[in-house]
Amino acid sequence: MDYYSEVILITGAAGSIGKELTLNFLAVNDVQLVLVDISEIGMFQLLEEINIKYPKLAVNYFIESISNKEFVQYLFKEFSFKRVFHAAAYKHVALMEANPCSAIVSNIYGAQLIIDYSIINNVSQLVIISTDKAVKPINTMGRTKNVIEKYAGLRSEESHKTNLIVLRLCNIYSSSGSVVPIFKSRIAQNLPLIIKDSKLIRSFIKPKEVRNIFNYIFHNSNLKGIYIPNNSNEIFIQKIASKVLKGSNKDATVYPIVYTYLPEDEKLKEELLNTNEYRIKLTNAPVDLLDTYKPTSLNTVLLEECIQDAKMYQIDSSIEKLILLSSN
């Protein structure tokens, strides 16, 4: 199945993943894109890049929150989407730990709206971008992604016309907000590099590998379930620091690196699989399908209470419910 002349919604279009999706699609003729992002400057920069690379192509764009129900209703009424790629989310662990209500409303309620309206409107393919921090989560951001993975699983079981995919990604090397550009910025200012622990390790994939994953998903519209990259690499952050220093013509043996401490809401090492999940290898695919030893369960009544508490800024109550929702 090709995707020419399709109307495609990309949320979080100005972020690292959303941008990859957008530019990937714009390389295809006759595709109609609808881009959504809450960041004004992010959208401005994305549109500037589009105008330079594809000056003859026009896109529809909205600077708005996907947590605005009236806006989401408008989107699905105004456009007949064939595919939806939901990349909009708050992703910074420390910032979301300090703003749990915002994390719950955006990452859970906003995603819930996108999932529900996609299914109601018979969108053919819906892709929810998740993160390895959803696995055995110990922080607010990871817990919100864990919960929406569960919600997506439940809705997928009920949906007969919408193929719902959860794409659980690890870190994208050199993406905006990641450790590489942070290191480069500090080196440019002659500041010491900050590493939270000498044993800190993260899984990475390259931007090119992300594009390969998206292309595979685009051309296999019958996919359903949770998928993870099968070519990620675990790298010590200390090693990345040395590589960035070398690329900046700095001597890694003498450049100051300050080791601080690992907060309680971060892990030394993230995982892509839960203990109740196992990989299923696919032929000539950049991803593996995950299956589970136990069925998905989610207390939807508690979920709605958690969202309402977050909307009302009942902070302690919403956090307590979020922990319960993501604990099994």
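Laboratory data are not the source of any read-out in this text; all were calculated from the coordinates shown. The structure displayed is predicted, hence computed values, not measured ones. All Cβ positions, glycine included, derive from the backbone under ideal geometry; neighbour counts span all protein chains shown.
Rounding to the nearest 20 debye, state how big the charge dipole of the stretch 46-144 is about its Cα centre with +1 on each Lys and Arg Cβ and -1 on each Asp and Glu Cβ.
Details: 10 positive and 8 negative charges, 56 e Å.
That gives a dipole near 260 debye.
Based on the mean of other beta carbon atoms within 10 Å per residue, what is the order of 252-262, 157-167, most packed first? All intermediate terms of the calculation are to be shown ahead of the outcome.
On the way: 252-262: 11.5, 157-167: 17.5.
Those peptides, ordered most packed to least, come out 157-167, 252-262.
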Cα-projected label distance for GLU304 with THR253, points at 7 Å along beta-carbon direction, nm: 6.6 nm
Cα-only radius of gyration and Dmax that characterise the stretch 167-291, units Å: 17.2, 53
Share of alpha-carbon pairs per 5 Å distance bin for the stretch 86-165, given as whole %: 3, 17, 28, 23, 14, 9, 4, 1
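Would you mind working out the magnitude of the charge dipole of the chain relative to its Cα centre, with +1 at each Lys and Arg C-beta and -1 at each Asp and Glu C-beta, to the nearest 20 Debye?
Working: 36 positive and 34 negative charges, 212 e Å.
Dipole magnitude for the chain comes out near 1020 debye.
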The chain - Rg over Rh from alpha carbon coordinates, Kirkwood radius: 0.96
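Compare the peptides 7-13, 189-195 by average per-residue count of other Cβ atoms within 10 angstrom and give them in order, highest first.
7-13, 189-195
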Qualifying aspartates and glutamates (Cα of each under 12 Å from Cα of LYS91; at least 8 residues distant if same chain): ASP132
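If the limit is 32 Å between Cα atoms, which of LYS136/LYS243; LYS56/LYS281; LYS19/LYS267; LYS69/LYS224; LYS82/LYS133 go over it? Don't skip to the end; give the middle numbers.
On the way: LYS136/LYS243 30 Å; LYS56/LYS281 41 Å; LYS19/LYS267 28 Å; LYS69/LYS224 26 Å; LYS82/LYS133 29 Å.
The answer is LYS56/LYS281.
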Computed E for LYS269/SER80 - FRET, C-beta separation, R0 45 angstrom, nearest 0.05: 0.55
Rounded Å value of the spacing that divides the Cα centres of the stretch 108-159 and the stretch 23-79: 21 Å
Highest to lowest packing among 43-52, 208-217, 143-152, scored as the average C-beta count within 10 Å: 143-152, 208-217, 43-52
Anchor LYS239: aspartates and glutamates whose Cα lies under 14 Å away (excluding residues fewer than 8 positions away in-chain): ASP197, ASP251
Beta bridge orientation in the chain: antiparallel %, DSSP, nearest 5: 25 percent
